[in-house]
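*Asks:* Below are the structure tokens for one structure; questions will follow.
Quick note: the coordinates plus some simple rules give every number you see, no bench work behind them. Keep in mind that what you see is a predicted model, and the values were worked out from it rather than measured. We place every Cβ from the backbone using ideal geometry, glycine too, and count neighbours over all the protein chains shown.
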Amino acid sequence: MLQEESDLSLIIAQIVQKLKGSNLYSQLERQAWASLQRPEIKLESLKEDIKEFFKISGWEKKLQNAVYSELSVFPLPSHPAAPPEHLKEPLVYMRKAQGSWEKRILKSLNSMCTELSIPLARKRPAGEQKELLNKWNEMGTDEPDLSLFRPVYAPKDFLEVLINLRNPNYENGDSLSFRTHLGLIQVPLKVKDIPELKECFVELGLNIGQLGIDDSTQVPPELFENEHVRIGQKVLAEQDSAAAQQYIRQGSPTALRAELWALILNISSQPEDVLYYEQLKTNVIQHDLLVDSLIYKDVKLTASNDDYYFVFEDYLYQVLLCFSRDTSVLSHFAFNSASPPKSYIRGKLGLEEYAVFYPPNGVIPFHGFSMYVAPLCFLYHEPSKLYQIFREMYVRFFFRLHSISSHPSGIVSLCLLFETLLQTYLPQLFYHLREIGAQPLRISFKWMVRAFSGYLATDQLLLLWDRILGYNSLEILAVLAAAVFAFRAVNLMEVTSLAAAEKKNHLRELKSMYLDDIVKIHGLFWLF
Amino acid sequence: MSRVLVPCHVKGTVALQVGDVRTSQGRPGVLVIDVTFPSVAPFELQEITFKNYYTAFLSIRVRQHTSAHTPAKWVTCLRDYCLMPDPHSEEGAQEYVSLFKHQSPSVTFPKWLSHPVPCEQPALLREGLPDPSRVSSEVQQMWALTEMIRASHTSTRIGRFDVDGCYDLNLLSYT
């Protein structure tokens, strides 16, 4: 009991500490001062009156949302003896694996610099700055020669690293034993089984109405939809993050989605946020980074080739270039197993006061990175708002899809969850695919790394991301990946090679497939 | 209530094994770690802190000297305390753990070890939605704390990444 209380006070202290430096804090203070002019604020009951004022004026709700946001993003304070790296990742061998993976990325970037004789970063000459500023809104029309640039890594390179992960304390042996995992992932992480998933995702049960699913309940769909929209409007009127998060578990009506996501992520787009975005833009104009070319290349290779997303090309450049300059992203490395790369200002090698992070946000984009942004372009048209939403989505969710960690939403756990689900509930299919050398994870890995972006029709993808936000978890990605295999099981039992399994009509083209079909399938899972 | 770190000797692990260690097929599941306190002065033990490494269950036995005339005897303070809820997976395997002296004075010596800190679980909050009324009451507590703290300027970053206006970089550092 006592322990719980001291835990609570630790959490409170941590949140207070965080919020004290926030804009909200100074706004609240200003409001409190201003409220002294009001007739209903009496000196005798000053504290109570101001509290009441905050409640009525909606400021209390804003504070609640800020606290709720802190609770969802930051891990609870850990054991006082635990060093900071323990918060990044508790398992030492995972941290080491992430470290050596990062080293490989650094080497690859450095050799690109050396081969092409270009610096990592340089200040743009005035003329060039002006030119870039002029074409800010049409960067896509630019066709720089990027043939020499190559993505630092692609999901399949990352998968190889995950396959080779081993727990040094686990007796694996070379021969096949009952302990060996039949899938590709060999680390013994705890993943949820069906009863646990059922309990966690209770709102996805077949007896509960889902937006976009026609026949899941007895209630006529129009009735459910109308009622659901009505409740959604009420949730928005209340401006309560927690309520919005609960609501969105059943899917968001298209018209309300943008606002609901912003509410859950606690993004309000204040004037200072717009200013901050403008500042980032200035930073892009001033400095030319090598990662910019990687971003260009990635957008050209992925989103620009996508039937849904090519129209957003210019937005993608703006958001991604600004993102790379945003030092506020660095704070998420406190709970991310990855660490930002370091460099030294030219000519000051080894001098700590000239050490800087590179890129400024510490995130090196890989092949497909821009697909994290692309679907959001459908929801937000104001660049600064789009930017803020993406940044928040990244530091809450997406970073976990390309960092080696033991977190339940981390990519390693997702892979294992996917393999375990398939192996447990579709053993014949799993065995068959394994025998023909088409390990299912080799097919599904890229879906999960991109959170299905580019693999599902946009409306379906957004319904999926609703659930990610609603449950504050990425586990649904692994469940969906397994459900896709279940959905295609009959066809897949007939294929005889990996290439055939990936072929059209089987798995590669998911866009024709509707999430509601899949939800029906993974609804099957809930029946177990 | 200030805490002092008491120096102690932690000896290497000794495996408890039936039969010959070299020829036997199975590996021992029980390991013993002997901890001694070289400091002569008596002290009151308040807390034991350690980092786990793949121990699923922990027992603590203490060697008790009651008087100079009677031989010392071993007393079990903690038996099979679970450090890893599922020993076949990683949960709790490398966690930091604290065992505390129980607050209740009525409990006699051998039982002083009470339940330790529950394994920190950053994932706990992610698994469900906290009860809104509870969140709200926590907000109230937090509000009380903020009120006590005098105004300070916001710490919002201005987002500089250059050093004195310079961000000219050639290569990444490997250290």
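*Asks:* List, in order, the whole-Hz ³J(HN,Hα) value for each residue of the stretch A:460-467 obtained from phi through the Karplus relation with A = 6.51, B = -1.76, C = 1.60 and θ = phi - 60°; use x for Gly and Pro.
*Replies:* Ordered by residue, 3J(HN,Hα) equals 6, 4, 5, 4, 5, 5, 3, 5 Hz.
*Asks:* Right, another one. Give the long-range amide H neighbours of B:LEU58: residues separated by 5 or more places, or on another chain, with amide H under 5 Å away, using H modelled in the peptide plane at 1.01 Å from N.
*Replies:* B:ASP80, B:TYR81, B:CYS82, B:LEU83
*Asks:* Now, a different point. What does the helix-only formula give at 222 nm for chain A: each DSSP H stretch with n ≥ 4 adding -39500 (n - 2.57), the total divided by the residues, and the result rounded to the nearest 500 deg cm²/dmol? Show your work: numbers first, answer last.
*Replies:* Values: 24 runs with 287 residues, N = 528.
That calculation yields -17000 deg cm²/dmol at 222 nm.
*Asks:* What average number of partner chain Cβ atoms lie no more than 10 Å from the Cβ of the residues making up A:186-193? Walk me through the numbers before you get to the answer.
*Replies:* Working: counts 0, 2, 7, 3, 9, 1, 1, 0.
Per-residue shielding by partner chains comes out at 3.
*Asks:* Could you tell me the center-to-center distance, by alpha carbons, between the stretch A:39-67 and the stretch A:245-314 in angstrom?
*Replies:* 34
*Asks:* Students often get this wrong, so check it: of A:LYS96/B:LYS11; A:LYS20/A:LYS385; A:LYS18/B:LYS101; B:LYS11/B:LYS101; A:LYS107/A:LYS300; A:LYS300/A:LYS446, which have C-alpha atoms separated by over 29 Å?
*Replies:* Values: A:LYS96/B:LYS11 27 Å; A:LYS20/A:LYS385 24 Å; A:LYS18/B:LYS101 32 Å; B:LYS11/B:LYS101 23 Å; A:LYS107/A:LYS300 24 Å; A:LYS300/A:LYS446 18 Å.
Pairs exceeding the cut-off: A:LYS18/B:LYS101.
*Asks:* Average partner chain C-beta neighbours within 10 Å, per residue of A:65-71?
*Replies:* Working: counts 1, 2, 6, 8, 0, 1, 5.
Taking all residues of A:65-71 together, the mean is 3.
*Asks:* Hey, another quick one. May I have the pair-distance distribution P(r) for chain A, computed from all Cα-Cα distances with 10 Å bins from 0 and rounded to whole percent?
*Replies:* Bins of 10 Å from zero give 3, 16, 26, 27, 18, 8, 2, 0, 0 percent of pairs.
*Asks:* While we're looking at this one, here's another question. Convert each backbone phi in the stretch A:370-381 into a coupling constant with the Karplus relation 6.51 cos²θ - 1.76 cosθ + 1.60 (shift: θ = phi - 60°), then list the ³J(HN,Hα) values in order as whole Hz, x for Gly and Pro.
*Replies:* With coefficients 6.51, -1.76 and 1.60, one gets 5, 6, 5, 8, 3, x, 5, 5, 5, 9, 10, 9 Hz.
*Asks:* Just checking the output field for A:85-94: average partner chain Cβ neighbours within 10 Å of each residue's Cβ?
*Replies:* On the way: counts 0, 5, 2, 0, 1, 12, 4, 4, 2, 2.
For peptide A:85-94, the averaged partner shielding equals 3.
*Asks:* Continuing with this model, one more query. Rg (Å, one decimal) plus Dmax (Å, integer) for the alpha carbons of the stretch B:51-110?
*Replies:* 15.2, 48
*Asks:* Then there's this: Please state the charge dipole magnitude for the stretch A:66-173, taken about the Cα centre, from unit charges on C-beta atoms (+1 on K and R, -1 on D and E), reported in debye and rounded to the nearest 20. Let's see the in-between values first.
*Replies:* Working: 14 positive and 14 negative charges, 71 e Å.
Approximately 340 debye in magnitude.
*Asks:* Over all directions, the average projected area of the alpha-carbon convex hull for the stretch A:384-471 comes to how many nm²? Can you show the working numbers first?
*Replies:* On the way: hull surface 27.4 nm².
Spelled out: convex hull of the Cα atoms, projected over all directions, averaged, 6.8 nm².
*Asks:* Okay, next question. What whole number of Å gives the distance from the Cα centroid of the stretch B:35-89 to the Cα centroid of the stretch A:356-403?
*Replies:* 49
*Asks:* Which value, to two decimals, describes the C-alpha radius of gyration of the stretch A:331-403 once divided by 2.2 N^0.38 Å?
*Replies:* 1.34
*Asks:* Taking the mean number of other Cβ atoms within 10 Å as a proxy for protection, how do you rank A:386-399, A:365-378, A:425-438 from highest to lowest? Present the calculation step by step, with values, prior to reporting the outcome.
*Replies:* Working: A:386-399: 21.9, A:365-378: 23.5, A:425-438: 15.7.
By packing density, highest mean first, the sequence is A:365-378, A:386-399, A:425-438.
*Asks:* I want to verify the translational diffusion coefficient of the stretch A:1-121 in µm²/s; compute it with Stokes-Einstein, Rh as the Kirkwood radius over Cα pairs, at 20 °C and 1.002 mPa s. Please report the intermediate quantities before stating the final value.
*Replies:* Values: Rh = 19.1 Å.
Estimated via Stokes-Einstein, D reaches 112 µm²/s.
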